[in-house]
Amino acid sequence: MEQFLIPAGPDLQKARADWLAALAGERRLSPATVEAYERDTRQFLHFMTGYNGGAPGIADIAALKPVDLRAFLARRRKDGVGARSLGRGLAGIRSFLRFLERRGLVNAAGAAAMRAPKQPKSLPRPLTARDARTVVSAEGQLADEPWIAARNAAVLTLLYGCGLRISEALALTGSDLADESGTMLRVTGKGGKTRLAPVLPAALRAVAEYRRLCPFHLDADGPLFRGARGGPLRPEIVQREMVRLRSALGLPDSATPHALRHSFATHLLAGGGDLRTIQELLGHASLSTTQIYTGVDTARLLDIYDAAHPRA
């Protein structure tokens, strides 16, 4: 992780470094989550330095009151930070305080009692089934080189056909989906948790075609999907390709790689899939996270009603 100047006393700096190491090692949080928590707590310590008139130590953190945390959130909101980022920032600070509390250094009750900023209610914006099929088709790809077009089609098909996150698809190795006989894929998701995802024949065929055309040797333990120079395929390459596709197809800005995962869940639900099964397929820890897709399906039904009912 990149090193930054942290305005904090030596005791607090060491405790914070131990906490970040525990997040990555013991709790097995993703690198992106650890990086976000590092950034959020660093911003908090910068705020506390100005707020208290000096670099804080553990004693200053132990003396924190809810009003101090509210002042930090108010400053961040004044800087234009949205409710979701504020909520995540508060979650990071709470996690750090709980870590210090377990060591007998602070009392985290005040932070735990604080209510997180109210989150805006927004529904996922999936693609239509027709647009999703076009986006993931081999014929719809815009890359000039056939193997890159096949690679893009294979990655996007896994997002839509298996409900994978882009990080999960790009983490697959050369031994995964090695032939067309397999029907289940073991996926490593957030927090290192694994789940089994059924693989559609269309996805198997797309991966097989990519493997046939790929000019690089795909080691069993190496990354399955490669960049143009043979290194691991980066998420931003897939995201950039999706921007090209939605521009060519006239799709909205909400048509992102992650929207294909939303489309997977929404289309399954519309086809009669039950929430509990969809939760397991997506790897959601809580059913409440999956329930957001019921709102998408209800909205779709209301649109149809408004368009079709003679008294609408």
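The values are calculated or read from the model by the stated rules, or taken from the named source; none is laboratory data. The shown structure was predicted, so the numbers you read here are calculated from the model rather than taken from an experiment. With ideal geometry, Cβ positions are generated from the backbone for all residues, glycine too; neighbour counts draw on all protein chains shown. Ligands, DNA and RNA are excluded from the accessible area calculation, which covers all protein heavy atoms including side chains. Shrake-Rupley method; radii C 1.70, N 1.55, O 1.52, S 1.80 Å.
Count Lys and Arg as plus one, Asp and Glu as minus one, and take only other residues whose Cβ is under 9 Å from that of Gly191; the net charge is then +4. Which angle between 0 and 90 degrees, to the nearest 10, do you get for helix 83-102 versus the longest principal axis of the chain when only C-alpha atoms count? Tilt relative to the chain: about 60 degrees. Spatially close Lys pairs in the chain, defined by Cα atoms under 22 Å apart and a spacing of eight or more places or different chains, total 4.
Against the chain, whose longest principal axis is taken from its Cα atoms, helix 31-52 shows a tilt of about 30°.
With all protein chains in place and a 1.4 Å probe, the accessible surface of the chain carries 53 percent carbon and sulfur. The loop-placed GluC sites (Glu not before Pro) in segment 177-252, going by DSSP, that have at most 14 neighbouring Cβ atoms within 10 Å of their Cβ come out as Glu180. Which of these, Gly192, Gly272, Gly161, has the largest mean-square fluctuation under a Gaussian network model of the chain (Cα springs below 10 Å)? Judging by the Gaussian network model, the answer is Gly272. Compactness of the chain was expressed as the Cα radius of gyration divided by 2.2 N^0.38 Å, which yields 1.18. In terms of the Cα gyration tensor, with a ≥ b ≥ c the square roots of its eigenvalues, is segment 174-230 rounded because a/c is under 1.5, prolate because a/b exceeds b/c, or oblate? Here segment 174-230 falls in the oblate category.
Nearest 10 degrees is fine. How inclined is helix 146-162 to the longest principal axis of the chain, computing both from alpha carbons? The angle comes out at about 70 degrees. Using a Gaussian network model of the chain in which every pair of alpha carbons under 10 angstrom is joined by a spring, one finds that among Leu224, Leu156, Leu249 the greatest mean-square fluctuation is at Leu249. Considering every alpha-carbon pair of segment 1-153, the percent of pairs per 5 Å bin, from zero through the bin containing the longest distance, is 1, 8, 15, 17, 15, 10, 6, 6, 7, 6, 5, 3, 0. Computed over protein heavy atoms with a 1.4 Å probe, the accessible surface of the chain works out to 55 Å² per residue. Among Val207, Val136, Val81, the residue with the largest mean-square fluctuation in a Gaussian network model of the chain, with springs joining Cα atoms closer than 10 Å, is Val81.
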